[in-house]
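Throughout, read-outs are computed from the coordinates displayed, never taken from laboratory work. Given the structure is predicted, the values throughout are model-derived calculations rather than measurements. For neighbour counting, all protein chains shown are included, and Cβ atoms are generated from backbone atoms with ideal geometry for every residue, glycine included.
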Amino acid sequence: MAATAWGPQPPCPEHTHAYRIVSDFFQKHRRDVVEIEVLPPAIAPPSGSPVLEDGLCLGVPKRLLAAAFIAACSIFFDKRTSSDPSSVEAALDATVYIILGAFFP
């Protein structure tokens, strides 16, 4: 696994899993306005679930959000110069998490 300024390439499994969890929520609500909240450490998601999901609201622990951000940066910087349509789509999808990460430092 090679390291870059934007994280390991390919992203480690923990980061990829976090990215997939948040990505699934965004894909499911692609045309909706959603609410994202960073969960404080005192509020744990129920019974092994990594997030709290209630309709259009998603509660995410900061650690999971940070892991998704790291994976998104790795994906974006790996795919951004490709002309392959699926790579362009992956880079575009990753920008959601990069922007989201900017609002929750």
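Points worth noting:
- The modelled label-to-label distance between Glu37 and Arg63, using points 7 Å beyond Cα along the C-beta direction, is 2.0 nm.
- Taking the DSSP beta bridges with both ends in the chain, the antiparallel portion is around 55 percent.
- Taking a quarter of the surface of the Cα convex hull of the chain gives a mean projected area of 7.2 nm².
- Restricting the trypsin sites (Lys or Arg not before Pro) of region 55-105 to loop positions (DSSP other than H, G, I, E, B) with no more than 16 neighbouring Cβ atoms within 10 Å leaves Arg80.
- Percent of Cα pairs in region 42-97 per distance bin of 5 Å, from zero to the largest separation: 4, 19, 20, 17, 14, 13, 9, 3, 1.
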